[in-house]
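This is the structure I want to talk about, given as C-alpha cells.
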Amino acid sequence: MSATTVPAAGLRVAELAAAAGVPSDTVRYYERFGLLPAPARTSAGYRAYDPAAVDRLRFIQGAQRLGLKLRDIGDLLAVRDTGVCPCEPAEDLLRRRLAELDVEMARLAALRADMVAMIDAIPASDCPPPTPGTWCPPEGGGASC
C-alpha cells in the first residue's frame, strides 16, 4: 500500500504490517517497546497509524538487520524525532557493532580451524571404536581428539 492509497482514517495494524512487510504482532510489540508512537484511535477504538509509520518500521527493520539492539534503535529514533540528524550517534553504534562482528568472525574462524583439524584427524579407514565417554578412538589408535 502506498502513501497515496492510505485511508483517511489512517492505517490499521494489519494494513501497516502488510505495508512494511512485518507481522501484526511486531507492530504491536514495537508500539509497546516505544519504537512506534501510540497511534490515534478510531471511534471504534482501532489503532489508526500515520502513513509515516511505514517508513519508521522500515528503518527499525533495517537497523535490526545490521544487528542493532532495540534499545539502540530507540535511541536513534529519539534523536531523529527531534529533527536532529542521527548520523553521529548512528556512526558510533555502527562502529561498535562492526567491532563486535570482527570479534565474532575471529571466534568463528578459530572454531572453523578447530573443526578442520578434528576432521583431518579422523582416521579414514579401520576406525577403532571410541573410548567410553568420548567419540574419539583411544590414544595410539591413530587419531587423537
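The values are calculated or read from the model by the stated rules, or taken from the named source; none is laboratory data. Remember, it's a predicted structure, so these values are computed and weren't measured experimentally. Using ideal geometry, Cβ is built from the backbone for each residue, glycine included, and neighbour counts are taken over all protein chains shown.
Could you grab the pairs with beta carbons closer than 8 Å, sequence gap of 6+ or different chains, first residue in segment 91-111 and under 19 Å from K69 (Cβ atoms) and surrounded by fewer than 10 Cβ atoms within 10 Å (Cβ to Cβ), second one β-branched (V, I, T) and at pLDDT below 95?
Filtered contacts from segment 91-111: no entries.
Does G67 meet the test of being under 16 Å from R28 (Cα atoms) and either surrounded by fewer than 17 Cβ atoms within 10 Å (Cβ to Cβ) or out of contact with any Pro (no Cβ under 9 Å at 6 or more places or on another chain) (or both)?
Considered against the rule, which asks whether it is under 16 Å from R28 (Cα atoms) and either surrounded by fewer than 17 Cβ atoms within 10 Å (Cβ to Cβ) or out of contact with any Pro (no Cβ under 9 Å at 6 or more places or on another chain) (or both), G67 comes out as no.
A further question on this structure: Run down A52, A20 and say which single residue is of a type in the set (G, A, S) and surrounded by 14 or more Cβ atoms within 10 Å (Cβ to Cβ).
Working: A52 fails: surrounded by 14 or more Cβ atoms within 10 Å (Cβ to Cβ).
Checking each option against the conditions leaves just A20.
Which count do you get for residues in segment 49-108 that are of a type in the set (D, E) and in contact with a Lys or Arg (Cβ under 6 Å, 6 or more places away or on another chain)?
Step one: of segment 49-108, the residues of a type in the set (D, E) are 50, 55, 72, 75, 81, 88, 91-92, 100, 102, 104.
Checking the rest, the ones that are also in contact with a Lys or Arg (Cβ under 6 Å, 6 or more places away or on another chain) come to none.
Here the count works out to 0.
Only one of (1) farther than 30 Å from V103 by Cβ; (2) among the polar types (S, T, N, Q); (3) surrounded by 12 or more Cβ atoms within 10 Å (Cβ to Cβ) is not met by S43, so which one is it?
(3)
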